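Peer 1: Just dropping this structure here.
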Amino acid sequence: MLKDVTLGQFFPGNTPIHRLDPRTKLLFVVAYITALFLAKWFVSYGVVLAFLLTVIALSRISPKVIARSVKPLLFIILLTAFLNLFYTPGEPILQVWIFRVSKEGIVSAVLMMLRITMLVVGTFMLTYTTSPIALTDGLESLLSPLKRLHFPVHELSMMMCIALRFIPTLIEETDKIMAAQKARGADFESGNLIRRAKALIPILVPLFITAFRRADELATAMEARCYHGGDGRTKMNVLRFHRCDGAAAVVGMALLTAVIVLRRFGL
Amino acid sequence: MNMASAIEVKDLQFSYEEQEQGQHIVFDGLSVRIGQGEFVAVLGHNGCGKSTLAKQFNAILLPGGGSVTVYGMDTQDESLLLKIRQHVGMVFQNPDNQIVSNIVEEDVAFAPENLGVESAEIRERVDRALRTVGMYDYRTHAPQLLSGGQKQRIAIAGVIAMRPKCIVLDEPTAMLDPQGRREVLDTVEKLNREEHITVILITHHMDEAARAGRVIAMSEGKIIADGTPKEVFRQAELLRRVGLAVPQTEELMLLLRANGIDVPADTLTVQECAQALRDAMRRLDPNDPEEKTIDAHHRDPESDACLQPADAV
Ligand SMILES: Nc1ncnc2c1ncn2[C@@H]1O[C@H](COP(=O)(O)OP(=O)(O)O)[C@@H](O)[C@H]1O
Ligand SMILES: [Mg+2]
C-alpha cells in the first residue's frame with residue numbers, strides 16, 4: 001500500500017531536462033510557481049500548461065507515473081474544487097437544496113483544480129528528473145551566500161540527502177512491520193479515527209527504534225569514511241552551467257513575462 | 001614473518017560507560033600485531049568484543065589504556081584522525097546502514113570527497129574502485145534495488161576509493177545469502193592478493209575464516225588462539241569450550257579420527273576433505289558398513305546447505 005508513494009523519487013534518464021543544471025531547474029520551478037499564481041484566466045493557464053506538457057514530453061516521464069503521483073492528492077484537489085464551486089459568490093445558475101452553484105463558482109473550481117494539479121505535477125517533474133544528490137547540491141550552491149550568516153547550509157543539504165536516501169528504506173520497513181502486525185491480528189482498517197490512530201502505535205514504535213539504530217550505525221559508517229562536516233570537502237560532479245541552461249533561463253523569463261502581460265489584459 | 005606492521009595493539013584497556021552498572025570492561029590488557037598485507041580472520045562468539053576491537057583500529061573508539069598504533073600513527077593523536085581513517089577503511093554488517101547516497105557512484109565518491117580530493121581524480125578512483133569490485137556496470141543504479149551481496153561490494157568500493165592500506169570488515173556477510181557471501185569473500189580475497197591490502201575479516205562463518213592466512217580466536221576480550229587456520233582449528237576442544245564450532249569438514253575429520261579411522265586432522269577445504277576421505281576409503285574395505293553409518297550420521301540439513309555451493313564449483 002505504501003509502495004504507491006513516489007514522493008522524492010528520481011527516474012534516471014538522459015534527456016535535455018535531465019541534463020539541465022539543478023540550480024537552473026530549481027530557479028525554474030520558482031519562476032513556474034510564480035507564473036502559476038499570477039495566472040488569472042484560461043489563456044494564462046493555457047500558456048503555463050503548454051509549457052508544462054512540453055517539459056513532460058521532453059523528459060520522457062510516462063504519463064502513468066504522473067497520474068500516480070497526483071492520485072494521493074485527489075481528495076484535496078476535489079475538496080478545494082468543491083468549496084470553490086459552492087462558496088464563490090455570484091449569479092446562481094443551479095440550486096439544489098441549500099447548495100447554490102454560480103457561473104463564477106464553476107470557473108473558479110476548474111481553475112483551482114488546474115492550479116493545484118499543475119503545481120504538484122510541476123514540482124514532481126523537478127524531483128523526477130533531478131537526482132536527489134544533484135538537487136541537494138544545487139540547493140547548497142544556491143544557498144551558499146547564507147553561509148556567511150552562519151546558516152548551516154552544508155549540514156542542511158547533507159540531511160536532505162540522507163533523508164531522501166532513507167525514505168524508500170523506511171517505507172519498505174513500515175510495510176514489513178505492518179505485515180508482521182497484521183499477521184498477529186492487528187486491524188488498521190476498521191474503527192473510528194481514534195481507534196485507527198491507536199492501531200498505528202505498534203507500527204511507529206518499532207519503526208522509530210530501528211530508525212534510531214540505523215542513524216547511529218550510519219553516523220559511525222560516515223565517520224569511518226572520513227566525514228567531518230563541510231570544511232575542505234570537494235565534489236566529484238562539480239556543477240557547471242551549459243548552453244542549455246542559458247536557453248532554459250530565457251524560456252523561464254519568457255514564461256513569467258507572458259503571464260504578467262496576459263494578467264494586465266485580464267486573460 | 002618479518003613484514004612491516006600495519007596495526008599494533010599494546011596492552012589495550014577499554015570499557016564502555018554504562019548508566020546503571022557503572023563500567024562494562026571489554027578489554028583488560030590485549031596485545032596483538034597485524035603485519036602489512038596479511039589476511040586475518042577474527043572469530044569469537046557474540047559480545048566478546050570483536051566490533052569494539054575493530055573500532056579501535058580506525059579511531060572510532062579510543063583506548064582507555066595502552067595504545068593502538070596504525071601504520072606508525074597513534075590513534076590517540078587527534079591531528080592524525082583523518083589520516084588514520086584513510087589508512088584503515090571499515091565495512092560494517094548492514095549494507096543498508098552504510099550507504100549514504102541514492103546513486104552507486106555518488107556513494108563510492110563520498111569518502112574521497114570528504115578527503116578533499118580533486119574532482120577529476122575522484123572520478124578516476126570511483127571508476128577504478130567499482131571495476132575492482134565488479135560493479136562498474138551498476139554505477140548509476142539506486143543501491144536499494146541491488147542484492148545484499150552487491151550492496152556490500154558497493155560498500156567495499158566506497159572504502160577502497162580512499163586508497164586505504166588496510167580494510168576491516170565487521171561481519172560483512174552476516175546478512176547475506178550464500179551467493180552474496182561468496183561474492184564478498186571473493187572480492188576481499190582479490191583485494192588482498194592483487195592490491196596487497198591488509199584485510200581483517202570478522203566473521204561467524206568458519207569456512208570464511210578458513211580462507212584467511214591467519215585466524216585469531218577471541219573470547220571475553222582475550223585472544224585465545226592465534227595462528228594459521230590449520231593450527232587454530234586443530235584445537236577443536238578449546239574452540240568448542242568458548243562456543244565456537246570448527247568448520248564442518250574439520251569436525252567430520254575429528255569425528256572420524258575419534259572413531260579410529262586414520263585421516264589427517266587439518267583439512268580445511270571441501271576438496272581436501274573429499275580427497276582425505278577417498279584415501280581413507282581406499283585403505284578400508286569399500287563395502288565396510290561402518291563407513292556408511294558415519295557418513296549418514298553427518299547428514300544434518302545445515303551441513304548439506306553449507307556444502308552445496310562448494311560442491312557446485
Ligand atoms: N555502545 C555500547 N555501550 C555499552 N556497551 C556496549 C556497547 N557496544 C558494545 N557493548 C558491549 O561490549 C561488549 C562487546 O561488544 P562487541 O564488541 O559489539 O562484541 P562482538 O562484536 O564481538 O559481538 C558486549 O558485551 C556489548 O554488550
Ligand atoms: Mg559485532
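The values are calculated or read from the model by the stated rules, or taken from the named source; none is laboratory data. Predicted model, so just to flag it, every value in this text is computed and none were measured. All Cβ positions, glycine included, derive from the backbone under ideal geometry; neighbour counts span all protein chains shown. Please note that ligands, DNA and RNA were not included when accessible areas were found on the heavy atoms of the full protein model with its side chains. Shrake-Rupley method; radii C 1.70, N 1.55, O 1.52, S 1.80 Å.
Peer 1: In the range B:84-106, what count of residues is obtained for those that are facing chain A (nearest Cβ under 9 Å) and assigned to a helix (DSSP H, G or I)?
Peer 2: Result for the range B:84-106: 6.
Peer 1: Could you tell me which of the residues B:Asp77, B:Asp107 is away from ligand 2 (no atom under 16 Å from the Cβ) and either open to solvent by 30 Å² or more (accessible area, probe 1.4 Å) or outside the structural domain of B:Arg181 (by TED's automatic domain parsing) (or both)?
Peer 2: None of the other options fit; the residue is B:Asp77.
Peer 1: Taking only the range B:126-139 into account, find how many residues are more than 9 Å from chain A (Cβ to nearest Cβ) and in a helix (DSSP H, G or I).
Peer 2: Total meeting the criteria: 9.
Peer 1: Related question: Which of the residues spanning the range A:190-208 are within 29 Å of B:Ala54 (Cβ to Cβ) and open to solvent by 70 Å² or more (accessible area, probe 1.4 Å)?
Peer 2: A:Phe208
Peer 1: Residue check: is B:Gly89 away from ligand 1 (no atom under 16 Å from the Cβ), touching a residue at least 12 places away in the same chain (Cβ under 8 Å) and surrounded by fewer than 18 Cβ atoms within 10 Å (Cβ to Cβ)?
Peer 2: Considered against the rule, which asks whether it is away from ligand 1 (no atom under 16 Å from the Cβ), touching a residue at least 12 places away in the same chain (Cβ under 8 Å) and surrounded by fewer than 18 Cβ atoms within 10 Å (Cβ to Cβ), B:Gly89 comes out as no.
Peer 1: For the subset of the range A:19-67 comprising residues that are aromatic (Phe, Trp, Tyr) and under 17 Å from the mean Cα position of the chain (by Cα), which member is surrounded by the fewest Cβ atoms within 10 Å (Cβ to Cβ)?
Peer 2: For the range A:19-67, the residue satisfying everything is A:Phe37.
Peer 1: Which fully enclosed helices (runs of 4 or more DSSP H) of the range A:62-149 have 2 or more residues being touching a residue at least 60 places away in the same chain (Cβ under 8 Å) and touching a Pro at 6+ places or on another chain (Cβ under 6 Å)?
Peer 2: So the answer is A:132-143.
Peer 1: Further question: Which residue pairs have Cβ atoms closer than 7 Å, lie 6 or more positions apart in sequence or on different chains, and pair a first residue in the range B:40-62 that is assigned by TED's automatic domain parsing to the domain that holds B:Met218 with a second residue that is near ligand 1 (Cβ under 8 Å from one of its atoms) and part of a loop (DSSP other than H, G, I, E, B)?
Peer 2: Here the result reads B:Cys48/B:Gly221; B:Gly49/B:Gly221, each pair linking the range B:40-62 to a residue that is near ligand 1 (Cβ under 8 Å from one of its atoms) and part of a loop (DSSP other than H, G, I, E, B).
Peer 1: Tell me, which residue of the range A:150-167 that is within 11 Å of chain B (Cβ to nearest Cβ) and in contact (Cβ under 8 Å) with a residue 40 or more places away in the chain is nearest to B:Val100 (Cα to Cα)?
Peer 2: This residue is A:Ile162.
Peer 1: I'd like the residue in the range B:48-64 that is under 16 Å from the mean Cα position of the chain (by Cα) and more than 14 Å from chain A (Cβ to nearest Cβ) and, out of all such residues, is nearest to ligand 2 (Cβ to nearest atom).
Peer 2: B:Lys50
Peer 1: Mind telling me which of the residues B:Phe14, B:Phe39 ends up being at pLDDT 90 or above, more than 24 Å from B:Leu191 (Cα to Cα), away from ligand 2 (no atom under 13 Å from the Cβ) and in contact with a helix residue (DSSP H, G or I) (Cβ under 7 Å, 6 or more places away or on another chain)?
Peer 2: One residue alone meets the criteria, B:Phe14.
Peer 1: Could you tell me which numbered condition A:Asp137 fails, if it satisfies all but one of (1) under 23 Å from B:Glu106 (Cβ atoms); (2) open to solvent by 50 Å² or more (accessible area, probe 1.4 Å)?
Peer 2: All conditions pass for A:Asp137, except number (2).
Peer 1: While we're on this one: Where residues in the range A:93-110 are open to solvent by less than 80 Å² (accessible area, probe 1.4 Å) and aliphatic (A, V, I, L, M), which of them is nearest to A:Ala81 (Cα to Cα)?
Peer 2: Per the stated criteria, the residue is A:Ala109.
Peer 1: Separate question: Look through the range B:12-22, keep the residues that are touching a strand residue (DSSP E or B) at 6+ places or on another chain (Cβ under 8 Å) and open to solvent by 10 Å² or more (accessible area, probe 1.4 Å), and return whichever of them is farthest from ligand 1 (Cβ to nearest atom).
Peer 2: B:Gln13
Peer 1: If you go through the range A:209-267 one residue at a time, how many are among the polar types (S, T, N, Q), open to solvent by 70 Å² or more (accessible area, probe 1.4 Å) and within 21 Å of A:Leu126 (Cβ to Cβ)?
Peer 2: Number of matching residues: 0.
Peer 1: What number goes with the only condition from (1) crowded, with 17+ Cβ neighbours inside 10 Å; (2) touching a helix residue (DSSP H, G or I) at 6+ places or on another chain (Cβ under 7 Å) that A:Ser144 does not pass?
Peer 2: Tallying (1) crowded, with 17+ Cβ neighbours inside 10 Å; (2) touching a helix residue (DSSP H, G or I) at 6+ places or on another chain (Cβ under 7 Å), A:Ser144 fails exactly one: (1).
Peer 1: Here is a further query. So, of the residues in the range B:23-73 that are of a type in the set (D, E, K, R) and surrounded by 15 or more Cβ atoms within 10 Å (Cβ to Cβ), which turns out to be farthest from ligand 1 (Cβ to nearest atom)?
Peer 2: Among those that are of a type in the set (D, E, K, R) and surrounded by 15 or more Cβ atoms within 10 Å (Cβ to Cβ), it is B:Glu38.
Peer 1: Residue check: is B:Arg182 among the basic types (Lys, Arg), open to solvent by less than 40 Å² (accessible area, probe 1.4 Å), over 20 Å from B:Gln86 (Cα atoms) and more than 16 Å from ligand 2 (Cβ to nearest atom)?
Peer 2: no
Peer 1: Let me ask something else about it. Quick one: how many residues across the range A:182-221 are within 28 Å of B:Met162 (Cβ to Cβ) and among the β-branched types (Val, Ile, Thr)?
Peer 2: The number of residues fulfilling the criteria is 1.
Peer 1: If you take the residues of the range B:140-163 that are outside any helix (DSSP H, G or I) and either more than 16 Å from B:Pro112 (Cα to Cα) or open to solvent by less than 10 Å² (accessible area, probe 1.4 Å) (or both), which of them is farthest from ligand 2 (Cβ to nearest atom)?
Peer 2: B:Thr140
Peer 1: Those residues that are at the interface with chain B (Cβ under 9 Å from one of its Cβ atoms) and among the aliphatic types (A, V, I, L, M), I need them from the range A:208-243; list them, please.
Peer 2: The answer is A:Ala215, A:Leu218, A:Ala221, A:Met222, A:Ala224, A:Met236, A:Val238.
Peer 1: So is B:Met175 modelled with pLDDT under 95 and open to solvent by less than 20 Å² (accessible area, probe 1.4 Å) or not?
Peer 2: Taking the combined requirement at face value, the residue does not satisfy it.
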